[in-house]
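Have a look at the structure below before the remarks.
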Amino acid sequence: MTILSKHHGLGNDFLVAVEPPRSLNPTDALAWCDRRRGVGADGLIAAEPLSSDGSLWSMTLWNADGSRAEVSGNGIRCMAQAIVQRQGADATTTLNVRTDGGMRQLEIWPDRRSGVHFAKVSMGQATDGPEPYGKWELFGLDPIRQCTVDIGNPHLVVEIEDPEMIDLRAIGPEIETSYDAGINLHLIRVDDPEHITLFVWERGAGITEACGSGASAAGWATHRWGLTGPEIIVRQPGGDAKVEVTPDEVFLTGPTTYVATIDVSD
């Protein structure tokens, strides 16, 4: 028997196993993340303690299709909520997390008015990724500008007119698989120097209501393009996240909501 807790960050939902009784694997992710035959989620996270004081953890993340992911800005907040709920922490807690995309540090605290937790995550330093996508004519689209971003995982950020009118199901799979390691696709609109709107096709999960690392990548890209300031509210279908861009790293702040605890048979 494995105990899972389900959480979501702006509608991007994850199943979290804190100190699971056995090693989890891609088959578990496929079965448990299935929304018709399993519990249902965008991803599965295994959290293992690496220190006796509960401040250092490892995060292993699988997408809903069973593929391994380096890091997730929403997923790491969900994992942190599962940990502090288990610890019984009711004040601001600092956690250090080893991910496949590198070390991440975050602060998480309860918001007693709303009943959710908020967390501020150091997402690390963003850098240029591989070459931008070059076959937009296949979809009859002409982006205003685009770039790829590596923030521990790969992203393609595309500024385009009326992104909400684009059928991501029609273009997402082809663009995702055109990169050897796959890529997360984000269609954005710059609303003003402090706000952008973002729509997500997530590698290994498809359309999701939000993407934390994608919001971070998009905020970094628009600030680098000179279109936004260093503090950006990223509007997504699931809600708003705050991104702060500094010379050395990018910070992501947003809510995390606990949904349920589930016992699943092995």
On the basis of being aromatic (Phe, Trp, Tyr), surrounded by fewer than 19 Cβ atoms within 10 Å (Cβ to Cβ) and not assigned by TED's automatic domain parsing to the domain that holds Pro110, does Trp225 make the cut?
yes
What do you reckon, is Val71 in contact (Cβ under 8 Å) with a residue 60 or more places away in the chain and either hydrophobic (A, V, I, L, M, F, W, C) or part of a strand (DSSP E or B) (or both)?
yes
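If we only count strands (runs of 3 or more DSSP E) wholly inside the stretch 3-67, which ones have 3 or more residues that are surrounded by fewer than 22 Cβ atoms within 10 Å (Cβ to Cβ)? Walk me through how you get there before you give the answer.
Numbers: elements: 12-18, 43-49, 56-63.
The strands (runs of 3 or more DSSP E) meeting that bar are 56-63.
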Restricting attention to the stretch 37-48, which residues are touching a Leu at 6+ places or on another chain (Cβ under 7 Å) and not small (Gly, Ala, Ser)?
Val39, Leu44, Ile45
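With a cut-off of at least 2 residues that are in contact (Cβ under 8 Å) with a residue 60 or more places away in the chain and surrounded by 17 or more Cβ atoms within 10 Å (Cβ to Cβ), name the strands (runs of 3 or more DSSP E) lying wholly within the stretch 143-200.
Values: elements: 145-150, 154-159, 184-192.
Of the strands (runs of 3 or more DSSP E) lying wholly inside the stretch 143-200, those with at least 2 residues that are in contact (Cβ under 8 Å) with a residue 60 or more places away in the chain and surrounded by 17 or more Cβ atoms within 10 Å (Cβ to Cβ) span 145-150, 154-159.
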Could you go through the stretch 202-217 and let me know if any residue there is at positive phi and crowded, with 18+ Cβ neighbours inside 10 Å.
yes
Report whether or not Leu95 is part of a strand (DSSP E or B), touching a residue at least 40 places away in the same chain (Cβ under 8 Å) and under 21 Å from the mean Cα position of the chain (by Cα).
yes
Assess whether Asp142 counts as being more than 21 Å from the chain's Cα centre (by Cα), farther than 16 Å from Cys211 by Cβ and charged (D, E, K, R).
yes
Go through the stretch 241-266 residue by residue and tally those that are under 13 Å from Ala119 (Cα atoms) and touching a residue at least 40 places away in the same chain (Cβ under 8 Å).
8
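The values are calculated or read from the model by the stated rules, or taken from the named source; none is laboratory data. All figures in this text were calculated on a predicted structure; none of them were measured in a lab. Positions of Cβ are generated from backbone atoms using ideal geometry, with glycine treated the same way; all protein chains shown enter the neighbour counts.
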